[in-house]
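The values are calculated or read from the model by the stated rules, or taken from the named source; none is laboratory data. What you see is a predicted model, and the numbers here were worked out from it, not measured in a lab. We place every Cβ from the backbone using ideal geometry, glycine too, and count neighbours over all the protein chains shown. Only protein heavy atoms, including side chains, enter the accessible area calculation; ligands, DNA and RNA are left aside. Shrake-Rupley method; radii C 1.70, N 1.55, O 1.52, S 1.80 Å.
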Amino acid sequence: MRALVWAHWPWAAGYVLVMSLLAFALMGVDKRRAKRKGARRIPERTLFLTALLGGSLGAALGMWTFRHKTRHWYFKYGLPALALFQGALAWRLLG
């Protein structure tokens, strides 16, 4: 398993980078929309899904950078916990 992971790590790293950038951008867009009256918001389910699919680091950084969703306990504690879990999983697979 470890050899398979090492053979494809550039693809996995690229995927995680893209998902993190997407999650970061979605947090910024949703924060901007939250400030405007009547603007269509991005569902919390979508924000969490991008984090769950590999963008947890970007979502957590976006949450802190834009100060968005920081009052919701499931974002405040859930996104960093998910980032730690995904980091530990990557460490386990690569180490």
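The rows are residues; the columns are (1) open to solvent by less than 80 Å² (accessible area, probe 1.4 Å); (2) small (Gly, Ala, Ser).
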{"position": "His8", "(1), (2)": "no, no"}
{"position": "Tyr15", "(1), (2)": "no, no"}
{"position": "Val18", "(1), (2)": "no, no"}
{"position": "Lys31", "(1), (2)": "yes, no"}
{"position": "Gly38", "(1), (2)": "no, yes"}
{"position": "Glu44", "(1), (2)": "yes, no"}
{"position": "Leu49", "(1), (2)": "no, no"}
{"position": "Phe75", "(1), (2)": "yes, no"}
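Across the stretch 32-84, the number of residues qualifying as without any contact (Cβ under 8 Å) to a residue 12 or more places away in the chain, hydrophobic (A, V, I, L, M, F, W, C) and assigned to a helix (DSSP H, G or I) comes to 5.
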